[in-house]
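Here is the structure we will look at, set down as structure tokens.
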């Protein structure tokens, strides 16, 4: 029962992050600025982003619901809050402010943080670590897309 409570809490928080991020991107991928941006040839079609983030946040929420039982400390919550802020702020920085270089710093920081979750808790989480792998892999792809935009614009 306790794990279900954590799962629901993390689902609400993580999907709220997606909602806030979407709100802050100010038309984001449909804006004239983004449409004229030099994008990486491997940029997926728009619908992939929605499917990817939905899957990522479900898996990440399940992962956190297990991890919180093992590692609920101040450090756990501080890392989670930093992850939340980085995730939400990237949308605003990249799409709204068009600060591609600063957005790259933010997404690299987020990738490092999610990598820390994946590798630091691997021995505690064992096969459950597969639940955070989609987030890490997606961030590697997103970082490459951001880097390409930074270098080519």
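The values are calculated or read from the model by the stated rules, or taken from the named source; none is laboratory data. Given the structure is predicted, the values throughout are model-derived calculations rather than measurements. Cβ: placed from backbone, ideal geometry, glycine included. Neighbour counts: every protein chain shown.
Details
- Boolean, residue 62 is modelled with pLDDT of 95 or more and either touching a helix residue (DSSP H, G or I) at 6+ places or on another chain (Cβ under 6 Å) or not in a helix (DSSP H, G or I) (or both): yes
- Residues that are part of a loop (DSSP other than H, G, I, E, B) and touching a helix residue (DSSP H, G or I) at 6+ places or on another chain (Cβ under 6 Å), drawn from segment 12-36: 25, 26
- Between 106, 68, 88, 114, the distinction of being touching a helix residue (DSSP H, G or I) at 6+ places or on another chain (Cβ under 6 Å) and farther than 28 Å from residue 26 by Cβ belongs to 68 only.
- Residue within segment 4-11 that is part of a loop (DSSP other than H, G, I, E, B) and either touching a residue at least 24 places away in the same chain (Cβ under 8 Å) or over 28 Å from residue 94 (Cα atoms) (or both) present: no
- Checklist (1) surrounded by fewer than 19 Cβ atoms within 10 Å (Cβ to Cβ); (2) under 15 Å from the mean Cα position of the chain (by Cα); (3) more than 25 Å from residue 4 (Cα to Cα) applied to residue 152, failing item: (2)
- Test: residue 57 is under 25 Å from residue 126 (Cβ atoms) and in contact with a helix residue (DSSP H, G or I) (Cβ under 9 Å, 6 or more places away or on another chain): yes
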